[in-house]
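Here the structure is laid out as structure tokens; the discussion comes afterwards.
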Amino acid sequence: MSKIDFEELKDIEDILESPWEFKSFDEETTVKIEQKLFNRLHLNCINVINDFYVVESLHRIGEKVDEKTLESLKQLSNEFFTLLSMKKFYLNELRKFKNHIKSLDYNMDSQKVWLKINKLKNIDNLEGVLEYLLVNKNNFMPFERFCILNYIYKIVFIDEGHSDFSIGREILDSDFIYNYSITQNLYDLVKNIVDVINDSIKKLQMLFIQADYKKEYTEEDIKLEIFGKEFKRVVDKYNISQYYKNKNNCYASVKLKQIKYITVNGIEPEEIKKESNLSKFIECLKELLGENNVKYVKISDNTQYHMPNGDCILYRQYDKLGENCNRMFTCCERKLLSKIDSKMKEFTTKKVIILPVTKYPCELCQRTLISVISDKEFIHKIKIKSPRKTKGGLKKSFIDDMDQRAKIIFDKSKN
């Protein structure tokens, strides 16, 4: 008995270490984002990347955009997010599978290792398969898991023709010997699946970049939509955060005086070190824009939190008291509204400022927006453009709690 040492495992490791590739809005540059950034950043990179392409596509359309176009953009965004999530899920499972294979002993005289799929009870549809894979993510059957996953992904991306996935019951209702070995057949299938996913992601990126949201739906798109809906249903049901589509805006940008200001949701460290993962990710976003003059907006001391009565506190007041409810200030829109407020008051000619976002601003951001445009010194018009008219998701109880915290800070600041 000896440790398994198939050359194909090294090829699979290469797939796992390959960077994610994204097309820049200059339509020429390909930006490579390291795998580790997707795994180590506190940000949900998939949400940020999805929001990035939607927001920058809205910038490309400009001020005049009709409801039909926004609806098409929303559908494209959903499809893009599903593809990114499917790739991340597949790579995560591939990594578990590879690590397990390397840890086992096999008789190296054997040319193939056959993987037996055990009969799984109470699973008779696609939702059941995904629930089993997502919810039992730490079980000890990586062979079984990965074979089932390959079976489903093969239906979506490789097999021709329509499928409602009911055929998946055959793999689950009987003892099934999966005839892909750990040698070349398996590697070919994995590479094929990953290549098709990557090609699909690139095609959607170009639709965002060219602001052309019309596409003919193929049977592959229909299968992807079925998979995406079931995947989302399971993710929502069990609140599996790493595949959850954020209800808040994760990326936003605005152009002021020929400078593109960009930001992501969250509070950054006082100094973003050049070698940090966050710094590398921000540089990737700048490169994806394909523009010369781009600045990242960190949360400023003057970022505002408005209470229902119109009173407000500033981030510096909150930070000074050592409060621990960062969500009060993390919204992309309020970071940019603070920048807009400080930069645009010097203009004496009225201008229209376009602020595209993926979801309509939450109640907290709406309060700040009203405050900015109500200021007599601010003569400009701010237009929100979003493919989703529903507000960002914040529970009333959470908002009430933050309002109470803000009032305490406000009262202390007067003393």
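By how many nm would the segment from Y217 to F378 lengthen if fully extended, with 0.36 nm per residue of separation less the alpha-carbon distance? So the chain would gain 53.4 nm between Y217 and F378. Averaging the sequence gap over all C-alpha pairs within less than 8 Å and six or more residues apart, then dividing by the number of residues, gives region 220-378 a relative contact order of 28 percent. Placing dummy labels 7 Å off each Cα toward the beta-carbon, the span from R316 to D26 is 3.8 nm. Treating each Cα of region 2-94 as an identical point scatterer and ignoring solvent, apply the Debye formula and state log10 I(q)/I(0) at q = 0.14, 0.15 Å⁻¹. For region 2-94 at q = 0.14, 0.15 Å⁻¹, log10 I(q)/I(0) is -0.66, -0.73. Working ranking of peptides 373-383, 264-274, 16-26 by packing, defined as the average number of other Cβ atoms within 10 Å per residue, highest first, is 16-26, 264-274, 373-383. Extending 7 Å from Cα along the Cβ direction at D400 and again at I259 yields two label points whose distance is 4.2 nm. The stretch between E34 and K202 holds 58.8 nm of extra length on full extension. This uses 0.36 nm per residue minus the Cα-Cα distance.
Cα centroid distance between region 228-271 and region 344-415, in Å? Between the Cα centre of region 228-271 and that of region 344-415, the gap is 18 Å. Charge tally around K215: other residues with Cβ under 10 Å, Lys/Arg +1 each, Asp/Glu -1 each, net -2. Qualifying GluC sites (Glu not before Pro) in region 281-357, where qualification requires a DSSP coil assignment and no more than 15 other C-beta atoms within 10 Å, comprise E346. Take the alpha carbon atoms of region 23-60, find their center, do the same for region 298-343, and report the distance between the two centers in whole angstrom. The two parts, judged by their Cα centres, are 26 Å apart.
Compute the label zone of Q242 within region 40-75: residues whose backbone N is under 19 Å from the point 7 Å along Cα-to-Cβ. It comes to 40-50, nothing else.
Summing +1 for each Lys or Arg and -1 for each Asp or Glu among the other residues whose beta-carbon sits under 13 angstrom from that of I33 gives +3. At the listed q of 0.12, 0.14, 0.16, 0.19 Å⁻¹, the Debye profile of region 252-414, built from one uniform point per Cα, gives log10 I(q)/I(0) equal to -0.56, -0.77, -1.00, -1.35.
None of the figures in this text is laboratory data; all of them are computed from the coordinates on show. Only a predicted model underlies this, so the values are computations on that prediction, with no experimental measurement involved. With ideal geometry, Cβ positions are generated from the backbone for all residues, glycine too; neighbour counts draw on all protein chains shown.
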